[in-house]
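What follows is a short report on a single structure.
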Amino acid sequence: MTQPNAQHPWTEQEPDNLLLATVLRGTEHLSDAQLLSTLLRQQDLQRAEEALRSGNLNTLIHAGPVELKALGFHENEITRLMVVLELTTRVIQQRRTIRLASLEDTVRIIRICGEKHQLPSIGLIAVDSHDRILVDRILFQGMHDFGSIDLREIFREALRVGADALVVYRYQPCPEAIPTATDRTLMDRLRISATVISLSILDVLIVSERSYFSARINDEWQEN
């Protein structure tokens, strides 16, 4: 059997090549269409490619049952797609409970959770001195900037678990992450207030569907 490569892609006539490609090269090398095809009632690369013409995997996995049905997916395929999203979210959250991830991974997790609910949300990640996560949860929903949040709620939650440092984030279901003047004011207030109670603000993040803003990187925060 010929080893799959760029010149010899897996097709519906060669279903065993999908397994071979996974074994030899890992699932990360499979195309979006190949991955989607495995969730269909029968592996069908052509059907998967046609479905992806209306958007990418991110669009499909977060579409509702009505939209997916309109695209030709059957009920059991729709259920499978929704279960995969829930499974992925839970696995990532469980992995994350050990230590704070890198900036890119943290943003990716916030985005996945935000896209699942499709609501503006503000959350807190509190860690100890060894970057072990003590709490990671959404504190507020429905807010389009940091303007009306209660800083006392953030600090109360952090002190309750004995945190040493915090990441505060806002997810906005829109294409680009652009901080408002109110956001920047809150970032300054947050850092100043945190020093009074011996807490460190590691970062304030604004995450959207396609981009993110990091106060530490974009505003070049210096250590307190």
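Odds and ends about this structure:
- Selection from the stretch 200-224 of residues that are assigned to a loop (DSSP other than H, G, I, E, B) and either open to solvent by 10 Å² or more (accessible area, probe 1.4 Å) or charged (D, E, K, R) (or both): Glu209, Arg210, Ser211, Asp219, Glu220, Trp221, Gln222, Glu223, Asn224
- Hits in the stretch 186-199 - residues which are open to solvent by less than 60 Å² (accessible area, probe 1.4 Å) and over 17 Å from Arg156 (Cβ atoms): Met187, Arg191
- Residue that is surrounded by the most Cβ atoms within 10 Å (Cβ to Cβ) [pool: residues in the stretch 83-101 that are more than 27 Å from Leu202 (Cβ to Cβ) and modelled with pLDDT under 85]: Leu85
- Test: Ile110 is in contact with a Phe, Trp or Tyr (Cβ under 7 Å, 6 or more places away or on another chain) and either open to solvent by less than 80 Å² (accessible area, probe 1.4 Å) or over 30 Å from Thr180 (Cβ atoms) (or both): yes
- Of all the residues in the stretch 141-155, those that are part of a loop (DSSP other than H, G, I, E, B), loosely packed, with under 12 Cβ neighbours inside 10 Å and not small (Gly, Ala, Ser) number 1.
- Considering Leu20, Leu24, Leu36, Leu60, the condition of being surrounded by 15 or more Cβ atoms within 10 Å (Cβ to Cβ), modelled with pLDDT under 75 and assigned to a helix (DSSP H, G or I) is satisfied by Leu20 alone.
- Cβ pairs under 7 Å, 6+ apart, first in the stretch 134-146 and farther than 11 Å from Glu157 by Cβ, second basic (Lys, Arg): Phe146/Arg170
- Criterion applied to Ala158, Ala177 was being among the small types (Gly, Ala, Ser) and either exposed (fewer than 12 other Cβ atoms within 10 Å of the Cβ) or part of a helix (DSSP H, G or I) (or both), and the one residue passing it is Ala158.
- Screening Asp219 with (1) modelled with pLDDT under 90; (2) within 22 Å of the chain's Cα centre (by Cα) gives one miss only, at (2).
- The set of residues from the stretch 150-175 being β-branched (Val, Ile, Thr) and within 20 Å of Val107 (Cβ to Cβ) comprises Ile154, Val167, Val168.
- Per-region count, the stretch 161-174, residues in contact with a strand residue (DSSP E or B) (Cβ under 6 Å, 6 or more places away or on another chain) and either surrounded by fewer than 12 Cβ atoms within 10 Å (Cβ to Cβ) or part of a strand (DSSP E or B) (or both): 7
- Screening Arg80 on (1) of a type outside the set (Asp, Glu); (2) surrounded by 12 or more Cβ atoms within 10 Å (Cβ to Cβ); (3) in contact with a Pro (Cβ under 7 Å, 6 or more places away or on another chain) shows it passes everything except condition (3).
- Residue in the stretch 102-120 that is under 14 Å from Leu205 (Cβ atoms) and in a strand (DSSP E or B) present: no
- Counted residues, the stretch 117-137 - those being of a type outside the set (D, E, K, R), over 23 Å from Glu86 (Cβ atoms) and open to solvent by 20 Å² or more (accessible area, probe 1.4 Å): 3
The values are calculated or read from the model by the stated rules, or taken from the named source; none is laboratory data. Note that this is a predicted model, so its numbers are computed, not measured. Glycine also receives a Cβ, built like all others from the backbone with ideal geometry; neighbour counts cover every protein chain displayed. For the accessible areas, the whole protein counts, side chains as well, though only heavy atoms, and no ligand, DNA or RNA atoms are used. Shrake-Rupley method; radii C 1.70, N 1.55, O 1.52, S 1.80 Å.
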